[in-house]
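See structure below.
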């Protein structure tokens, strides 16, 4: 039996999921460490300093951030809350990058005081920094640019389209010249940032966005007559195949494409920053939920579970873009036996579209069985949707085989929910 199967069975046997706790998240901590090592190895280049950061929005859990920090992975944050989580996890300031399209003056001042890297989103933000930056500052400050190279298959996730809300649109008339002038006027601007990748974006398009940033850095440095841009932040966004266990594309494959597309990135003149999220964690998480009822309607079998839109928000609202594999398990957490039957896997929320899978061929599920939603280690535990005031489930990390569990986030209580809701 696989390590994942052993963890699922053990979670049921140990009562992490049961009648009183009908849904929980599981994270394979050994797998996360392995992904961190694969990231480090994939980008390792003699003479090139690479700072890897984790996109905190993908798993805003302090123990996860702490584990990644132990693996040498910093934090990419996009809000005061995410910055506070990174600090609570002990992530060193020199491994924190603040990216947000809507930073307030107070947020910018705090970042400068802490010494974390800041990527300004636009020219107005640079004007705010003009008022905050002190002469001789050594704070790592940069500017985000949008290379406008196009989108992937998921429009809402595409950040390098002609009209994306992020960064300075480089192909707009006069924009590139204005960026160069902004750098020449501000010797403290030493970084360029771009983020083209995301789910549904192919590697060649990701690399084209990075190449545009690299070429702009070369132009700035040429016109400055010195190495003003010293670091290029290439963002993250390596896509994940949610349809199989195939862990491709890999970090090494992406780095190889970058080396072919923009070889100057790796010749030692530039430091690199990465901001991967989903690719580091998705494979290592599972949502495990109890089947509360099994019924049928119109000849369609329906398994009513406790995993719905509150934990799988993107999957429920955009199933074509965010499909999930579902495992059918029996009452003891073992693989369910029987001929496959087309059935809907429904969540507990009170609207008809709360389905994590429709007409999925699985052994017929019954009351007291379980379902496992695979590849849910990123976003599914940190973007809880409080529909019907459903409680945030516990998240448990496991190591070894047989697995040993520890709670990374305890389940929300009713009292906490009432207090959070103004009670």
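The values are calculated or read from the model by the stated rules, or taken from the named source; none is laboratory data. None of the values given here were measured: they were computed from a predicted structure. Note: ideal-geometry Cβ built from the backbone for every residue, glycine included; neighbour counts use all protein chains shown.
The figures follow:
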item: Failed criterion for residue 389 (all others in (1) in contact with a helix residue (DSSP H, G or I) (Cβ under 7 Å, 6 or more places away or on another chain); (2) under 25 Å from residue 6 (Cα atoms); (3) at pLDDT 95 or above hold); result: (2)
item: All positions within the range 357-407 that are crowded, with 24+ Cβ neighbours inside 10 Å, within 24 Å of the chain's Cα centre (by Cα) and closer than 20 Å to residue 303 by Cα; result: 371, 372, 373, 376, 393
item: Count - residues of the range 167-197 that are touching a residue at least 12 places away in the same chain (Cβ under 8 Å) and on the phi > 0 side of the Ramachandran plot; result: 1
item: Criterion violated by residue 419 - all others in (1) surrounded by 13 or more Cβ atoms within 10 Å (Cβ to Cβ); (2) at pLDDT 95 or above; (3) not in a strand (DSSP E or B) satisfied; result: (1)
item: Check on residue 354, more than 30 Å from residue 275 (Cα to Cα) and in contact (Cβ under 8 Å) with a residue 12 or more places away in the chain; result: yes
item: Subset of the range 107-135 that is part of a loop (DSSP other than H, G, I, E, B) and under 24 Å from the mean Cα position of the chain (by Cα) - its residue that is farthest from residue 165 (Cα to Cα); result: 115
item: Test for residue 8: is it crowded, with 18+ Cβ neighbours inside 10 Å, assigned to a helix (DSSP H, G or I) and in contact with a strand residue (DSSP E or B) (Cβ under 9 Å, 6 or more places away or on another chain); result: yes
item: Hey, residue 287 assigned by TED's automatic domain parsing to the domain that holds residue 392 and surrounded by 23 or more Cβ atoms within 10 Å (Cβ to Cβ) or not; result: yes
item: Which numbered condition residue 48 misses (of (1) under 17 Å from the mean Cα position of the chain (by Cα); (2) farther than 19 Å from residue 286 by Cβ); result: (1)
item: Matching residues, the range 14-34, being surrounded by fewer than 23 Cβ atoms within 10 Å (Cβ to Cβ) and farther than 16 Å from residue 394 by Cα; result: 30, 31, 33, 34
item: Boolean, residue 208 is without any contact (Cβ under 8 Å) to a residue 40 or more places away in the chain and in contact with a helix residue (DSSP H, G or I) (Cβ under 8 Å, 6 or more places away or on another chain); result: no
item: Flag if residue 77 is surrounded by fewer than 18 Cβ atoms within 10 Å (Cβ to Cβ), more than 21 Å from residue 249 (Cα to Cα), in the same structural domain as residue 108 (by TED's automatic domain parsing) and touching a strand residue (DSSP E or B) at 6+ places or on another chain (Cβ under 8 Å); result: no
